1. Using Cα pairs under 8 angstrom and six or more residues apart, how large is the relative contact order of segment 50-224, in percent?
2. Under 17 Å from a point 7 Å along the Cα-to-Cβ line of residue 235: which residues of segment 201-220 have their amide N that close?
3. Just grab the label-to-label distance for residue 161 and residue 123, each label 7 Å out from Cα along the Cβ direction, in nm (one decimal).
4. Mind ordering 160-171, 61-72 by average Cβ neighbours within 10 Å, highest first?
5. Where in segment 160-181 is the amide nitrogen less than 11 Å from a point lying 7 Å along the Cα-to-Cβ axis of residue 202?
6. Let me know the shape class of segment 55-202, please: from the alpha-carbon gyration tensor, a ≥ b ≥ c as square roots of the eigenvalues, rounded when a/c is under 1.5, otherwise prolate if a/b is greater than b/c, or oblate.
7. Which shape class applies to segment 154-199: rounded if a/c is under 1.5, otherwise prolate when a/b exceeds b/c and oblate if not, where a ≥ b ≥ c are the square roots of the Cα gyration tensor eigenvalues?
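All of the numbers you see were taken from the coordinates with simple rules; none came from a lab. It should be emphasised that the depicted structure is a prediction, and the values quoted were computed from it without experimental measurement. Glycine gets a Cβ as well: all are built from the backbone with ideal geometry, and neighbour counts include every protein chain shown.
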């Protein structure tokens with residue numbers, strides 16, 4: 001084949017590949033920009049940072065510890081519970097059965113629903129499911145869950161009031177308890193709070209974890225990035 005024709009073919013291929021790359025790059029930038037704008041509108045940044053997290057604990061330590069103690073006292077030992085208040089009437093709620101294990105040895109999900117109104121919840125049928133998978137709820141009945149936890153509407157109101165008093169938005173039961181302070185985009189700054197002083201070896205493990213910053217012998221500062229954000233503590 002004539003060398004001039006070969007050079008023309010190679011030139012055409014290089015131009016085509018370059019054009020495709022630029023088109024792909026432009027498409028990626030547009031998608032990334034649109035997605036970022038959408039996520040920022042859905043999960044607006046609060047300006048929260050490590051200093052705000054520390055200052056809140058300094059000011060609200062008593063209220064935060066009271067919240068931890070109260071919440072653990074109302075969660076039966078056979079369950080663990082996560083709750084986050086989006087506003088006065090909307091919550092994310094996860095209830096896990098610690099006595100029934102899935103194939104990975106973790107407690108199965110009894111109930112998990114996002115952005116629901118606990119005071120006006122529409123029951124879904126069927127009431128129960130024969131599931132031992134972590135991400136599949138065994139029930140979508142909030143009434144059944146409230147019966148098992150021995151909670152009422154006033155329980156949710158009390159939790160919301162204590163979260164507000166602590167200037168926080170969420171809590172997970174257990175030892176340590178995880179108390180969410182505020183969201184930053186889709187991520188969230190939280191406290192891991194122990195009843196007793198943690199060992200030096202455990203504190204060293206937390207120091208190795210990019211999402212954690214030991215604050216004192218009983219409190220670990222954490223940042224969870226969510227689905228589209230790194231878990232690395234932003235200002236560690």
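1. That works out to 18 percent.
2. Only 211-215 fall inside the zone, counting backbone N under 17 Å.
3. 2.8 nm
4. Descending packing order for the listed peptides: 160-171, 61-72.
5. So the set is 175-177.
6. Judged from the Cα gyration tensor, segment 55-202 comes out oblate (a/c at least 1.5, b/c at or above a/b).
7. It comes out oblate by the Cα gyration axes.
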